[in-house]
1. From the list ALA303, ALA320, pick out the single residue that is among the aliphatic types (A, V, I, L, M), under 30 Å from GLN340 (Cα atoms), open to solvent by 60 Å² or more (accessible area, probe 1.4 Å) and touching a residue at least 24 places away in the same chain (Cβ under 8 Å).
2. What pairs come out if I take residues in the stretch 334-347 that are within 22 Å of THR396 (Cβ to Cβ) and open to solvent by 10 Å² or more (accessible area, probe 1.4 Å) and pair them with residues that are in a helix (DSSP H, G or I) and at pLDDT 95 or above whose C-beta lies under 9 Å away, six or more apart or interchain?
3. Test ALA54 against the stated conditions and say whether it is of a type in the set (A, V, I, L, M), within 18 Å of the chain's Cα centre (by Cα) and open to solvent by 40 Å² or more (accessible area, probe 1.4 Å).
4. For the stretch 154-168, enumerate the residues that are out of contact with any Leu (no Cβ under 9 Å at 6 or more places or on another chain) and in a loop (DSSP other than H, G, I, E, B).
5. So the check is Cβ under 8 Å with 6+ separation or different chains; which pairs have a first residue in the stretch 173-201 that's within 12 Å of MET108 (Cα to Cα) and a second one that's among the basic types (Lys, Arg) and surrounded by fewer than 20 Cβ atoms within 10 Å (Cβ to Cβ)?
6. Filter the stretch 169-188 down to the residues that are of a type in the set (A, V, I, L, M) and in a loop (DSSP other than H, G, I, E, B), then identify the one that is most open to solvent (accessible area, probe 1.4 Å).
7. Please work out if VAL81 is out of contact with any helix residue (DSSP H, G or I) (no Cβ under 6 Å at 6 or more places or on another chain), closer than 26 Å to LYS236 by Cα, β-branched (Val, Ile, Thr) and not in a loop (DSSP other than H, G, I, E, B).
Amino acid sequence: MSTHAADARPLMSRKSGRLQGAVAVPGDKSISHRALILGALAEGRTRITGLLEAEDILCTARALEALGAGVERDADGVWTVTGRGLGGLAAPSGDLDFGNSGTGARLMMGVVAGHPIAARFTGDASLQKRPMGRVLAPLQSMGLAIEEDGRNTLPLTLVGTGDLVPISYRLPVPSAQVKSAVLLAGLFASGETSIIESEKSRDHTEKMLRYFGAELSVEPFEGGLRIALEGRRTLKGQPVAVPGDPSSAAFLVAAALITPESDILVKNVLVNPTRTGFYETLAEMGADIVFENEREVSGEPVADIRARTSELRGVTVPAARAPSMIDEYPMLAALATVAQGETVMEGLAELRVKESDRLAAMVDGLIACGAAAHARGDTLTVLGLPEVRGGATIKTHMDHRIAMSFLVLGLAAEEPVTVDDASMIATSFPEFRTLMQQVGATLDEPGQASDEARGKDRE
């Protein structure tokens, strides 16, 4: 991803006519990261279909290659990872560059912790500002060392060990990334590593660890959950079919809800309950959304999601729902501008330390578009209006979800909405523009005439 303003690629969205069609979004980002990583730690080969081929995932693939795992893509888009077994990865000859991917960097810290090697972790300008302390603290208690004493932001040189100590760790705040990093490190520790979480967070790591043969249990504990993993158990390579990413599907669903006479079917989407808070919230807001053809794929629940134009009403979203929809709040905030009444989103402290300060970025962008929004502490409030003016250029702060959320909002605004840079969308959803245009959305570079204005035949 580019980090230089000179390389920025602005993109503009305008009020669109009816959106319709059936589309499939790229593979889920969370599952794609984990399939690559566990494939590298397993014995034998792991064959992955539907892998998200976005920059975040490719950074993880390159890091695993640099550590000695075999990672190959064939002409049909099927990825094969040749694992090295637990403890079999080797020291890299250069930096491990994770670009904009906080997930990739944090999960791989747990992997490197269990190897007697040194590896320097780095990333782009945005990732270098994001705190890593919540992941590093438990890993250091297990035996990970850091050469740059006292720092908790990249670049950092991590020194792992072949003698990690198992721990019992209570998550201070719900975080699938911290939980996953500790569980991955726990694979290398002798004995039981356990995580206690007061609120359930994404459980893809637990599901996939079991799928690859790990000995893992999840039990109720003090009103929350206790996840226990036995270390030093052999993992075996498995076939993985990655379902569509519900966070990517959210943008198409939202576009259908706010564009008149629209009807969109998003096929083969992951509907794991730890990821569907956004859709639960939309249902409470009166959205016409249906999960069709529900089924199970590679141990995960999957469905086709149909969304139709809806009259939305404001709701209060409780803090307890945040872990299941943390990535969807920017899109929800944009939708709330056209909902009747007030939408209050609580418990959003995590948004302050994402790719950008998403709370501040959303408020600034919404106000620039003529909407009424404010943030106090970790609560975001948006007042719905009869119409949203738009007509603004949004500062994305190199944040892909900010960019996509405002481009969707532009489809319903009275005047076009422009984002200052759309290049970083490729970190998670490289097909965003193509799929949006496929269902009929109007997205152009600023100053570019529409196909209709140029008289082109769109058939």
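The values are calculated or read from the model by the stated rules, or taken from the named source; none is laboratory data. Quantities reported herein were computed from a predicted structural model and do not represent experimental measurements. Note: ideal-geometry Cβ built from the backbone for every residue, glycine included; neighbour counts use all protein chains shown. Just the protein is used for accessible areas: all its heavy atoms, side chains included, with ligands, DNA and RNA removed. Shrake-Rupley method; radii C 1.70, N 1.55, O 1.52, S 1.80 Å.
1. Values: ALA303 fails: open to solvent by 60 Å² or more (accessible area, probe 1.4 Å).
On inspection, the qualifying residue turns out to be ALA320.
2. Once the first residue is within 22 Å of THR396 (Cβ to Cβ) and open to solvent by 10 Å² or more (accessible area, probe 1.4 Å) and sits in the stretch 334-347, its partners that are in a helix (DSSP H, G or I) and at pLDDT 95 or above give VAL338/LEU257; VAL338/ILE258; VAL338/LEU409.
3. Numbers: of a type in the set (A, V, I, L, M): yes; within 18 Å of the chain's Cα centre (by Cα): yes; open to solvent by 40 Å² or more (accessible area, probe 1.4 Å): no.
No, not satisfied.
4. The initial filter retains those residues of the stretch 154-168 that are out of contact with any Leu (no Cβ under 9 Å at 6 or more places or on another chain), namely 155, 157, 162-163, 165, 167-168.
Within the stretch 154-168, PRO155, GLY162, ASP163, VAL165, ILE167 qualify.
5. VAL178/ARG134
6. Step one: filter the stretch 169-188 for residues of a type in the set (A, V, I, L, M), giving 171, 173, 176, 178, 181-185, 187.
Subset that is in a loop (DSSP other than H, G, I, E, B): 171, 173, 187.
On the way: LEU171: 11, VAL173: 60, LEU187: 3 Å².
Step by step, filter the stretch 169-188, then rank; the result is VAL173.
7. So VAL81 fails the test.
Every residue, every condition in (1) in contact with a strand residue (DSSP E or B) (Cβ under 8 Å, 6 or more places away or on another chain); (2) at pLDDT 95 or above; (3) assigned to a loop (DSSP other than H, G, I, E, B); (4) within 27 Å of GLU292 (Cα to Cα), yes or no:
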{"site": "THR3", "(1), (2), (3), (4)": "no, no, yes, no"}
{"site": "MET12", "(1), (2), (3), (4)": "yes, yes, no, no"}
{"site": "SER16", "(1), (2), (3), (4)": "yes, no, yes, yes"}
{"site": "ALA22", "(1), (2), (3), (4)": "yes, yes, no, yes"}
{"site": "ALA35", "(1), (2), (3), (4)": "yes, yes, no, yes"}
{"site": "LEU38", "(1), (2), (3), (4)": "yes, yes, no, no"}
{"site": "ARG47", "(1), (2), (3), (4)": "yes, yes, no, no"}
{"site": "ALA63", "(1), (2), (3), (4)": "yes, yes, no, no"}
